[in-house]
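Working notes, structure below.
All of the numbers you see were taken from the coordinates with simple rules; none came from a lab. Here the structure is a predicted model, which is why all the values come from computation and not from measurement. We place every Cβ from the backbone using ideal geometry, glycine too, and count neighbours over all the protein chains shown.
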Amino acid sequence: MTPLSDEALPARQREVQRLLGRCLLRLQQYERLIKAIVAHHELTGPPHALETIRAARIADSARKTLGTLIGDLLGSYLAPNEIGDTPKDLPDCPAEPVMVSFRIGLSLSDADFARLKNELRELVALRNDLVHHFIDRHDLWSVDGCLRASDALVAAYSRIDQYFEQLRGWAEHMEQTRRLAAEFAQSDAFRDLIVNGIAPDSTVFWPVAGIVSALREAAGELAVDGWASIAEAGRWIAERFPEQLPAKYGCSSWRQVVHESRIFDLRYFEINGQRSARYREKEGTANTG
């Protein structure tokens, strides 16, 4: 055993304090970064409420412990096999015609997910040991005890740093994905999705389609006894919204748009000896777009 020295012991104790502080600072960096990932990797809600929902997620993450944050991360940002297309807790908002949802995550094999789950639990145990039990496990009133404590802290920091670099890699992946999403948000495809209700695979979500909104406006201006001429509406829209054409929505005529949308009633009238196709909005659909 190393002889106790009044001069050597304080220096060793200060070294233990320095090494412990280094570990705790790295753990705090880890916690700050994991809070950011948990708060920002997914978002779901109506467009007008997204910023409020995001702020609530940030505030909620800020209050959580490391163990809880890791539990949130597992199965959401980190998930076994394929990540589902729909968030687990998609809110039921029947009054909202449009909901926006995105999730960024890493899909892992079952074996990798199980291994990572165990490793992250070990990190939580290591953190708790350093914060709550370190002084009980080491004799900090002897030089030998301080030396062993220093060795343990060097090993602990190396492990924590590995976890931090791993987490930083995930954060960089998330940020890169968010940049790509932001680029998509500036694209014509995104505008078609949000403004016109046309998905990248050309599927049309008719209740929010731009051409349906245009038909509503035309009907409001042109309807007689509640019914508007489809031909007149087509000309009216072409003058005011030239980008809203049937072909954009995979249709060959305005009558096909009216039929495919399922938003309007279609009826034929005899007017001045000629057959005229007219439309009106179905009851109960006025607030779906």
5 Å is the cut-off here: which amide hydrogens, built 1.01 Å from N in the peptide plane, fall below it relative to GLY197, excluding neighbours closer than 5 in sequence?
GLY210
With θ set to phi - 60°, apply the Karplus curve 6.51 cos²θ - 1.76 cosθ + 1.60 along region 133-146 and write out the HN-Hα couplings as whole Hz, x wherever there is a Gly or Pro.
10, 4, 5, 7, 8, 10, 7, 8, 10, 9, 5, 4, x, 5
Mind listing the long-range amide H neighbours of LEU108? Cut-off is under 5 Å, sequence gap 5 or more, other chains count too, H placed in the peptide plane at 1.01 Å from N.
ALA79, ASN81
Just report the Cα centroid separation between region 203-269 and region 106-173, whole Å.
63 Å
Could you go through region 116-122 in sequence order and give the Karplus-derived ³J(HN,Hα) for each residue, using 6.51 cos²θ - 1.76 cosθ + 1.60 with θ = phi - 60°, rounded to whole Hz, and x for Gly and Pro?
5, 4, 5, 5, 5, 5, 5
Which of the aspartates and glutamates could a cross-linker bridge to LYS248, judged by Cα under 14 Å and excluding same-chain residues fewer than eight apart?
ASP188, ASP192, ASP201, GLU260
Quick check for me: using +1 on Lys/Arg Cβ and -1 on Asp/Glu Cβ, what's the dipole size of the chain about its Cα centre, in debye to the nearest 20?
180 debye
Cross-link partners among aspartates and glutamates for LYS117, C-alpha distance below 19 Å, same-chain residues fewer than 8 apart left out?
GLU31, ASP72, GLU82, ASP129, ASP161, GLU165
Take every Cα pair under 8 Å in the chain that's 6+ residues apart, average their separations, divide by the length, and report that relative contact order as a whole percent.
17 percent
Based on Cα coordinates alone, diagonalise the gyration tensor for the chain, multiply each eigenvalue by 5, take square roots, and list the semi-axes in whole Å, largest first.
66, 15, 14
Rounded to the nearest 500 deg cm²/dmol, what is the calculated helix-only ellipticity per residue at 222 nm for the chain, with -39500 (n - 2.57) per DSSP H run of length n ≥ 4?
-18500 deg cm²/dmol
If amide hydrogens are placed 1.01 Å from N in the peptide plane, which non-local residues have theirs closer than 5 Å to the one on PHE264?
LYS282
